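Asks: Take this structure first; my questions come after.
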């Protein structure tokens, strides 16, 4: 019987250690469930702050560039519409004047040529008529012409 008592004492002891282990395990799981994990984000935050400061400086630089470009554009001289109309009208009038003068010059050359032909025919007819009325003058003219 002593062995049975010894075995039961060992079993009781094992059960108690098992019970203690289960209790400890339940406490540890409760601690794990209740324990909140905190992540150290200070490095990430510092990287984001640095990136944000770079973005801000880039934005300010771009805004300054845009401002200077706008100032340059505002200082440029823009040709008003009335000036464009004025110069185009002047150009068209000059072209028309040159065209009309050229046309009149060509017309004058034609008129001059026709008048020359008409005058030559009149002189020729007048001289022939003179020679018909004065045959002696015709003979003298022919002698004069042959002598040269």
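Every number in this text was worked out from the coordinates using simple rules, so none of it is lab data. The structure presented is a predicted model; accordingly, all values stated were derived computationally and were not measured. So basically every Cβ, Gly included, is an ideal-geometry build from the backbone, and we count neighbours across all protein chains shown.
Asks: For residue 90 and residue 71, calculate 0.36 nm times their separation in residues minus their Cα-Cα distance, and state this gained length in nm to one decimal.
Replies: Separation in residues times 0.36 nm, less the Cα-Cα distance, equals 3.5 nm.
Asks: I would also like to ask the following. Where the centre of each part is set by its Cα atoms, how far does segment 100-129 sit from segment 41-87, in angstrom?
Replies: With segment 100-129 and segment 41-87 each reduced to a Cα centre, they are spaced 75 Å.
Asks: To continue, here is another question. Would you mind giving the average projected area, over all directions, of the Cα convex hull of the chain in nm² with one decimal?
Replies: 34.1
Asks: Between residue 79 and residue 33, 0.36 nm times their residue separation minus their Cα-Cα distance comes to what?
Replies: 8.8 nm
Asks: Further question: Between residue 141 and residue 99, what is the label-to-label distance in nm when each label sits 7 Å out along the Cα-to-Cβ direction?
Replies: 4.9
Asks: With each run of n ≥ 4 DSSP H residues scored as -39500 (n - 2.57), what mean residue ellipticity at 222 nm is computed for the chain after dividing by its residue count and rounding to the nearest 500 deg cm²/dmol?
Replies: So the helix-based figure for the chain works out to -33000 deg cm²/dmol.
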